[in-house]
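Have a look at the structure below, then the notes.
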Ligand code: VAH
């Protein structure tokens with residue numbers, strides 16, 4: 001049966017790049033992108049529908065119109081913005097997920113992808129080689145909503161047989177779409193500012209080590225998980241996935257190998273520091289490696305070269 005995929009939240013940092021990869025894989029006419037506002041551009045054969053994931057009736061009519069074989073739900077409010085609007089973050093992140101889960105059961109949608117995050121770990125989770133299973137006491141509304149979402153995913157799989165798959169994304173770095181509202185966004189902005197200004201003031205302190213992943217690895221890992229035979233998957237909450245871990249100092253040194261005059265400075269008292277301090281430094285991803293062969297391709301050096309190479313020709 002031909003795959004037809006709806007991507008909700010398709011205008012965002014991850015959604016826009018997953019959409020491109022899925023169009024290449026399955027053909028543009030089979031990929032229906034959707035978001036709460038029109039995309040900046042849409043090519044001739046690309047399909048877009050306005051929809052708010054909190055409008056269940058609209059989602060139902062979209063699903064009945066296109067009869068998707070897969071739905072990717074990427075609409076969410078990230079960690080930093082979530083702390084400014086906690087009730088809205090909970091509503092969007094939880095009720096958006098519940099709408100998709102219930103409609104998928106009702107309409108028999110074959111496969112669902114939903115992103116979790118390393119934000120599900122908290123101050124008492126192990127900081128180094130954080131395992132798939134451990135104490136998880138997230139203290140950001142974003143992390144709390146993602147942990148609750150993981151529990152729902154596993155429940156809907158066990159109770160209704162829904163084939164929902166999920167990855168605990170680290171901070172994701174990309175050059176095509178600037179992210180919004182995340183704590184790890186510094187690791188994207190630093191490249192843009194290095195080329196625009198030759199300098200960057202990091203809102204996270206110099207030794208703040210966080211798990212990160214380059215977008216090409218994030219997209220490939222997501223598609224590899226979605227392609228894996230269901231019987232191979234032993235995790236139905238959300239898979240730990242690791243790419244690399246680094247600090248603002250590490251990334252600045254890597255940039256200076258290419259742009260020797262680049263200068264980094266650090267602001268303090270940014271509320272995002274407390275969020276970052278509650279997260280792990282390095283993640284262990286044995287289940288993803290064992291169940292579906294995960295293996296990252298990009299390290300900090302390779303990512304920095306690729307980011308600067310691509311940004312040079314776009315900004
Ligand atoms: C955020 N980019 O900063 C997201 C991500 C692990 C961080 O979930 O909120």
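Exposure proxy check: 153, 134 ranked by fewest other beta carbons within 10 Å?
Numbers: 153 23, 134 14.
Lowest count first: 134, 153.
Taking the simple approach of a point 7 Å from Cα along Cα-to-Cβ for both residue 67 and residue 289, what is their distance in nm?
Simple spin-label model gives 4.3 nm for this pair.
Could you calculate, for the range 1-78, the ratio of the Cα radius of gyration to the Kirkwood radius, expressed as Rg to Rh? Spell out each step's value before the answer.
On the way: Rg = 11.5 Å, Rh = 12.4 Å.
Reported Rg/Rh (Cα atoms, Kirkwood Rh): 0.93.
Which ordering of 41, 125, 166 is given by a fewest-first count of other beta-carbon atoms within 10 Å? Intermediate values should be presented prior to the final figure.
Working: 41 6, 125 18, 166 25.
Taking fewest neighbouring Cβ atoms as first place, the list is 41, 125, 166.
Report the FRET efficiency, 1/(1 + (r/R0)^6), for residue 54 and residue 178, where r is their Cβ-Cβ distance and R0 is 30 Å, rounded to 0.05. Write out the running numbers ahead of the final one.
Numbers: r = 25 Å, r/R0 = 0.82.
Between residue 54 and residue 178 the formula returns 0.75.
Let me check the size of the chain from its C-alpha atoms; what are the radius of gyration and Dmax in Å?
18.9, 58
Give me 244, 212 sorted ascending by neighbouring Cβ count inside 10 Å, so fewest comes first.
244, 212
Summing -39500 (n - 2.57) over the DSSP H runs of n ≥ 4 in the chain and dividing by its residue number, what mean residue ellipticity at 222 nm do you reach, to the nearest 500 deg cm²/dmol?
It comes out at -12500 deg cm²/dmol, rounded to the nearest 500.
Tell me, in nm to one decimal, what length is gained between residue 306 and residue 98 on full extension, where the rule is 0.36 nm per residue of separation less the Cα-Cα distance? Present the calculation step by step, with values, prior to reporting the outcome.
Details: separation 208, 0.36 × 208 = 74.88 nm, distance 3.76 nm.
Roughly 71.1 nm would be gained on extension.
Suppose R0 equals 25 Å; then what is the FRET efficiency for residue 227 and residue 28 from their Cβ-Cβ distance, rounded to the nearest 0.05? It would help to have the intermediate numbers written out before the result.
Values: r = 19 Å, r/R0 = 0.77.
After rounding to 0.05, the efficiency reads 0.85.
Need the C-alpha centroid separation for the range 72-122 versus the range 132-161, integer Å.
Cα centroid of the range 72-122 versus Cα centroid of the range 132-161: 10 Å apart.
Give the separation of the Cα centroids, the range 196-265 to the range 11-56, in Å.
Rounded to whole Å, the Cα centres lie 24 Å apart.
In 5 Å bins starting at 0, how do the alpha-carbon pair distances of the range 146-273 split up by percent?
2, 10, 17, 18, 17, 11, 9, 7, 5, 3, 1, 0
Could you work out the mean projected area of the convex hull around the alpha carbons of the range 201-315, in square nanometres to one decimal?
The Cα convex hull of the range 201-315, projected and averaged over all directions, gives 8.6 nm².
Read the figures in this text as sums done on the coordinates, not as results from a lab. Predicted model, so just to flag it, every value in this text is computed and none were measured. Cβ sites come from the backbone with ideal geometry, for glycine too, and all protein chains shown count toward neighbours.
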